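The values are calculated or read from the model by the stated rules, or taken from the named source; none is laboratory data. Just so it is clear, the structure is predicted and the values come from calculations on it, not from any experiment. For neighbour counting, all protein chains shown are included, and Cβ atoms are generated from backbone atoms with ideal geometry for every residue, glycine included.
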Amino acid sequence: MMNLEFERKLTIPKETKEMYPLTPEMAQIVADRAEILRNIFSGKDNRLLLIIGPCSADNPDAVMDYLNRLRGVAEKVKDKIFIVPRIYTGKPRTTGAGYKGLLHQPNPHEKPDMFKGIIAVRELHMRALRETEFSCADEMLYPANHRYLDDVLAYVAVGARSVENQEHRLVSSGLDCPVGMKNPTSGDLSVMMNAITAAQSKHTFVYRGWEVHSQGNPYAHAIMRGYMNKHGQSLPNYHYEDLALLSKFYEESGLQNPAAIIDTNHANSGKNPFEQPRIIYEVLNQCRYNEHIRKLVKGFMVESYIEDGAQKVDEGCYGKSITDPCLGWEKTERMILETADLL
């Protein structure tokens with residue numbers, strides 16, 4: 001006997017999409033932005049990619065407030081920077097404890113409700129499309145759940161704790177959108193490179209009870225997010241030597257569309273969100289100095305929200321992260337405009 005209590009059978013992705021369908025206009029936005037992203041990762045479009053937004057999308061109204069602010073800045077810098085907002089609805093927890101995201105708890109103050117969570121997640125991504133014309137990024141925490149969102153997402157990230165998992169790698173090989181593979185928390189870049197290789201390859205595997213065949217995802221790429229050493233200390237991997245080494249690994253691998261996104265928070269910043277602008281400026285300097293790094297680095301991932309920092313779930317500050325600390329809006333807007341000036 002399994003030590004599991006089966007509460008109810010959840011709606012399948014096909015049913016959910018029929019309940020909450022995309023309009024033709026929304027589908028066209030997704031398709032147009034997907035083409036831009038493919039061009040960025042293949043080198044046809046030289047704009048910088050900025051994947052930016054809250055650590056976790058805990059409050060849909062605050063997230064939409066943030067996205068509407070971001071829309072105005074995105075328009076100002078659109079010739080130099082292509083912005084994809086983060087709407088991260090499932091959060092990996094190191095020990096399993098704590099807020100696990102909108103998918104688990106549509107209301108962070110109430111008990112988990114996965115049915116309401118599935119609906120809330122799809123509704124939020126659709127609100128972003130409808131109200132701001134943003135198709136967004138989300139983390140693929142549970143590969144089996146990707147089908148609930150595969151028609152709305154612009155970008156998918158595989159986290160540092162998931163990147164060595166076989167199912168994440170195989171499902172990534174069947175995605176139509178770019179998927180970023182983070183280096184693991186140990187910092188072993190060979191794990192990340194193996195994940196990218198698997199995601200770019202064809203596979204046959206079991207998915208949601210089906211035997212499926214993937215064709216490989218040529219836009220699978222690296223996300224450098226820093227790492228923890230054996231003493232539990234955060235160490236960065238965005239410095240010149242790190243990116244030069246990654247460029248060498250790509251050259252030796254024969255992988256398609258060599259690309260890296262620099263995650264400016266997590267271990268790269270020691271979870272100090274105020275370091276994120278400095279990290280962007282430092283990496284852009286490297287790009288000026290080294291042509292190989294310039295071609296490799298396609299953009300940055302930034303954790304940003306309306307208010308600086310983080311809070312506990314019950315503190316109730318509007319637009320302030322209840323997971324990792326984020327960069328507040330005023331600093332975020334200045335960072336985006338200054339980054340555009342440097343390009």
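Which of the residues that make up region 21-36 are in a helix (DSSP H, G or I) and either within 13 Å of SER135 (Cβ to Cβ) or modelled with pLDDT under 95 (or both)?
Once the filter is applied, which keeps residues that are in a helix (DSSP H, G or I) and either within 13 Å of SER135 (Cβ to Cβ) or modelled with pLDDT under 95 (or both), region 21-36 yields GLU25, MET26, ALA27, GLN28, ILE29, VAL30, ALA31, ASP32, ARG33, ALA34, GLU35, ILE36.
Look through ASN39, ASN68, ASN3 and report the one residue that is assigned to a loop (DSSP other than H, G, I, E, B) and either under 21 Å from the mean Cα position of the chain (by Cα) or under 27 Å from PRO108 (Cα atoms) (or both).
ASN3
If I ask for residues that are within 25 Å of GLY316 (Cα to Cα) and either in contact with a Lys or Arg (Cβ under 9 Å, 6 or more places away or on another chain) or of a type in the set (D, E, K, R) (or both), which ones from region 110-130 would you list?
If the condition is that a residue be within 25 Å of GLY316 (Cα to Cα) and either in contact with a Lys or Arg (Cβ under 9 Å, 6 or more places away or on another chain) or of a type in the set (D, E, K, R) (or both), then GLU110, LYS111, PRO112, ASP113, MET114, PHE115, LYS116, ARG122, GLU123, ARG127 are the ones that fit.
Since GLY72 meets every condition but one in (1) touching a strand residue (DSSP E or B) at 6+ places or on another chain (Cβ under 7 Å); (2) surrounded by fewer than 21 Cβ atoms within 10 Å (Cβ to Cβ); (3) farther than 26 Å from ILE293 by Cβ, which condition does it not meet?
Exception for GLY72: condition (1).
Yes or no: region 280-287 includes at least one residue that is loosely packed, with under 14 Cβ neighbours inside 10 Å and modelled with pLDDT of 95 or more.
Looking for residues that are loosely packed, with under 14 Cβ neighbours inside 10 Å and modelled with pLDDT of 95 or more, one finds at least one in region 280-287, hence yes.
Taking the options GLY53, GLY96, GLY90, name whichever one is within 22 Å of ARG225 (Cα to Cα), touching a helix residue (DSSP H, G or I) at 6+ places or on another chain (Cβ under 9 Å) and modelled with pLDDT under 95.
Unique residue meeting the criteria: GLY90.
Scan region 257-283 and report the pairs whose first residue is free of Cβ contacts under 8 Å to residues at least 12 places away in the same chain and whose second residue is assigned to a loop (DSSP other than H, G, I, E, B) and of a type in the set (Ser, Thr, Tyr), with Cβ atoms within less than 8 Å and a gap of 6+ or a chain change.
Taking only residues 6 or more apart or on different chains, the pairs are GLU275/THR264.
Take the residues of region 104-139 that are small (Gly, Ala, Ser) and closer than 20 Å to GLY159 by Cβ: which is modelled with the lowest pLDDT?
GLY117
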